[in-house]
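Have a look at the structure below, then the notes.
Just so you know, all these numbers are worked out from the coordinates, no wet-lab data involved. Just so it is clear, the structure is predicted and the values come from calculations on it, not from any experiment. Every residue, glycine among them, receives a Cβ derived from its backbone with ideal geometry; neighbour counts consider all protein chains shown.
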Amino acid sequence: MANNKIYAFLGPHASGKSTMVSQLMSMGVHYIPTVTTRVFDDRYGYKRRLYKTVSNDDYRKEKLIVNNTYQANNYGLRKADVLDAYSNHKVSITIMHDPSAIKQLQKFVNQDLVTIFLMIDDVVFVDRLLRSGCLNDEIRYYVETAEETGEFENWRDVDFVVKNTSTARVALEQILAIMGLVTLVPQEDFDNLVK
């Protein structure tokens, strides 16, 4: 019997991590929530269901197996949440913001962790920031931060890379294939589908 797997998504800001995870959650895939000190404004209200915002004091009290800082906010995974995922769910997903977070999780689940980097290019990056309502100063901040931290280069540290520059559906289909959540249909059924 195969071990339970945890799929961790990594990618620069606006690469679609939250979108992909939300799509997978809507399909019934178990999600390991990220605990953070970041407070999401109304523009990013949809992320409130993916992240558990806590105060700095409460964050320090958490029993975390992953703990890192990204853009001046703390992000972590609770040990109890990861143990629950690993023990009770065949497939779980989570979001990472830094390769150091992946290394921390690898120490805990080792070969049962699969990492997926969502890759975007500069044009898509800026376009998505504009569409989300970012102003020029915010866009400059995100671009400079990505360059300083090497966010676009983190693909070198993962198991799979999914180019997410087209539609969300194209990226999601690739992710489902990586996760083994697709089923091959018999040739006769396939022939009928393409007629």
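In the structure shown, the pairs Lys17/Lys163; Lys79/Lys103; Lys47/Lys90; Lys17/Lys107; Lys90/Lys163; Lys63/Lys107 are assessed against 20 Å; a Cα-Cα span above that value is assigned to Lys47/Lys90; Lys17/Lys107; Lys90/Lys163. From helices alone, the chain scores -12000 deg cm²/dmol at 222 nm; the rule is -39500 (n - 2.57) for each run of n ≥ 4 DSSP H residues, then divide by the residue total.
A Förster radius of 30 Å, combined with the Cβ-Cβ distance separating Ile139 from Asn56, puts the computed FRET efficiency at roughly 0.65.
What is the Cα radius of gyration of the stretch 62-170 over 2.2 N^0.38 Å, N being its residue count?
Numbers: Rg = 15.7 Å, N = 109, 2.2 N^0.38 = 13.1 Å.
After normalising by residue count via 2.2 N^0.38 Å, the value is 1.20.
May I ask which residue of Leu10, Ala80, Met119 lies farthest towards the positive end of the charge dipole of the chain, with charges of +1 (Lys, Arg) and -1 (Asp, Glu) on Cβ and the Cα centre as origin? Highest projection toward the positive end goes to Ala80.
Residues whose amide H falls under 5 Å from that of Asn73, counting only those 5 or more places apart or on a different chain, are absent, with hydrogens built in the peptide plane.
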